[in-house]
Every structure is written in C-alpha cells, then in structure tokens.
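Asker: Pasting in a structure now, in structure tokens, and then I'll have a few things to ask.
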Protein chains: 2
Amino acid sequence: MDCIFCRIAAGEIPADVIYTDEEVIAFRDINPQAPVHVLIIPGEHIASLAELPEEKSVLVGHMVDVANRLARSEGISESGYRVVMNCGRQGGQDVLHLHMHLVGGRQLAGSFG
Amino acid sequence: MDCIFCRIAAGEIPADVIYTDEEVIAFRDINPQAPVHVLIIPGEHIASLAELPEEKSVLVGHMVDVANRLARSEGISESGYRVVMNCGRQGGQDVLHLHMHLVGGRQLAGSFG
C-alpha cells in the first residue's frame, strides 16, 4: 500500500482529520491555499474521477454533503467556498486517490489557472 | 423567471447544449477558459451548493457522471480535466443557479486564484 491517502485513511500517516464516517475521511490540506482547505476522500481506493464507476457516483454526492456540512462547521457556508476535483495530469491531480478540495475563508479568484 | 440558467434550461435563451436528460442540461460556457469548458446544471432551480438539501445530493453524483461521460466524448478523459463548483460570493459563484464547470484540453494550473 503505497498510496499516501490510503495510508492516511488507515491511520498509518498522521493527518489533521476533522471528519470521518463509514465511507469518507476529511482532513486539512498540509499545504493550505486558503484559511479553510480541507480534503475529502473516500476510504476506498479509487484512483481518479475518470475511474469512478457510475454505480459509485452516489459516493461523490455524499462527499459533497460532507463538504457542505464542513463548510457550515468551518463558518464559510455564508461567505462562500469552492469545491474542486482534479483529474489526471492536465487537471492537476497530485495524489492518485480520488479527492475533493473544499476551500474558503478568503475571496477566491480564477479556478483554472 | 429571471434566472438565466432556468431560461437556458427552458429553451428561452439559446445555448450550445451538448447533453440533456431528465435531470440535467450541459452546455458550453459562453466565455470558455480552456478548449473544453462545459457547464452542467440541474433543470431544477437550486441557488447554490449551500442550499442543496442532503436528500438531493444524488443529483450532484449524477452531474459528476455526466461530467465524466462528457470528458470522454470531448476527448479529455485521459489527458485530464477539472470539475469545479463555486458557491457564494467568496467562492466566485457568478450565476445563482447550481452549476458544475467541466474544464480541460490544456494544462490547468492553480484552482483557487
């Protein structure tokens, strides 16, 4: 198991975990791009969005629910936030384990660099 | 009905629609930020991610499925892409009707401006 996010999910690598349930884990990004920058990942190893089978898309719906809940608990639900999933090389995906960025707490500009 | 995306969904305003089903409509962004820049919206008016009830999160899962399908049909599934949902003022949400950006076809840089 050489996937860093699988190892975080397994508790083998420390992370600032702020939410967990049977399907997903959420922890603060180690290199935050804003006052709130949380990663939400499934416990199951799915390499990327492009490899998500349609029958598992409900999982992404749940990840969005968790993002919305965390936006409320982090106090950014009213001010605003951004949810981003990068897929593959040109998408800028850094870790090959499906993940959703939840970012807010400051004015965000362009989403596509 | 003064929501521009509701009017696009109703066919009252022309758009370059590339996909439609009973729940969602996808059309090319009028101001594309990359060679592929598609917006996926629900037909139902939901103002933002923060106002999405949990029982409707399956809808976002479906929007992600549509994004993945369109990434394949647009030829960017292998090269990579980004899926973004902006919520509220600091998130940079421009139209107050829930929408998902699907962007690819070039190397994308930072997601948070």
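Asker: Looking at this structure, is B:PRO32 surrounded by fewer than 20 Cβ atoms within 10 Å (Cβ to Cβ), modelled with pLDDT of 95 or more and under 28 Å from A:GLN33 (Cα atoms)?
Answerer: yes
Asker: Of the residues that make up region A:47-59, is at least one surrounded by 17 or more Cβ atoms within 10 Å (Cβ to Cβ), at the interface with chain B (Cβ under 7 Å from one of its Cβ atoms) and among the hydroxyl-bearing types (Ser, Thr, Tyr)?
Answerer: The answer is yes; a qualifying residue exists.
Asker: Does region A:74-85 hold any residues that are over 12 Å from the mean Cα position of the chain (by Cα) and of a type in the set (A, V, I, L, M), and which are they?
Answerer: The answer is A:ILE76, and nothing else.
Asker: Still on this structure, please answer the following. Can you find a residue that is within 11 Å of the chain's Cα centre (by Cα) and not basic (Lys, Arg) anywhere in region B:50-61?
Answerer: Yes, some residue in region B:50-61 is within 11 Å of the chain's Cα centre (by Cα) and not basic (Lys, Arg).
Asker: Further question: Could you please give the count of residues in region A:74-91 that are without any contact (Cβ under 8 Å) to a residue 40 or more places away in the chain and of a type in the set (Ser, Thr, Tyr)?
Answerer: Qualifying residue count, region A:74-91: 2.
Asker: While we're here: Checking the structure you have, find out if any residue of region A:27-38 is among the polar types (S, T, N, Q), in contact (Cβ under 8 Å) with a residue 12 or more places away in the chain and more than 19 Å from B:LEU102 (Cβ to Cβ).
Answerer: Looking through region A:27-38, at least one residue is among the polar types (S, T, N, Q), in contact (Cβ under 8 Å) with a residue 12 or more places away in the chain and more than 19 Å from B:LEU102 (Cβ to Cβ).
Asker: Next question. Can you name the condition, by its number, that A:GLY88 falls short on among (1) away from chain B (no Cβ under 12 Å); (2) over 11 Å from the mean Cα position of the chain (by Cα); (3) buried (at least 21 other Cβ atoms within 10 Å of the Cβ)?
Answerer: (1)
Asker: From A:SER77, A:SER57, which residue is within 25 Å of B:GLY113 (Cβ to Cβ) and of a type in the set (S, T, N, Q)?
Answerer: After applying the criteria, what remains is A:SER77.
Asker: Would you tally the residues in region B:46-63 being farther than 18 Å from B:GLY91 by Cβ and touching a residue at least 12 places away in the same chain (Cβ under 8 Å)?
Answerer: Residues in region B:46-63 being farther than 18 Å from B:GLY91 by Cβ and touching a residue at least 12 places away in the same chain (Cβ under 8 Å): 2 in total.
Asker: Suppose we keep only residues that are among the small types (Gly, Ala, Ser) and in contact (Cβ under 8 Å) with a residue 12 or more places away in the chain within region B:92-113. Which one would you say is farthest from the other protein chains (Cβ to nearest Cβ)?
Answerer: Going through the qualifying residues, I end up with B:GLY105.
Asker: Scan region A:3-18 and give yes if some residue there is touching a helix residue (DSSP H, G or I) at 6+ places or on another chain (Cβ under 7 Å), of a type in the set (Phe, Trp, Tyr) and modelled with pLDDT of 95 or more, otherwise no.
Answerer: no
The values are calculated or read from the model by the stated rules, or taken from the named source; none is laboratory data. Remember, it's a predicted structure, so these values are computed and weren't measured experimentally. For neighbour counting, all protein chains shown are included, and Cβ atoms are generated from backbone atoms with ideal geometry for every residue, glycine included.
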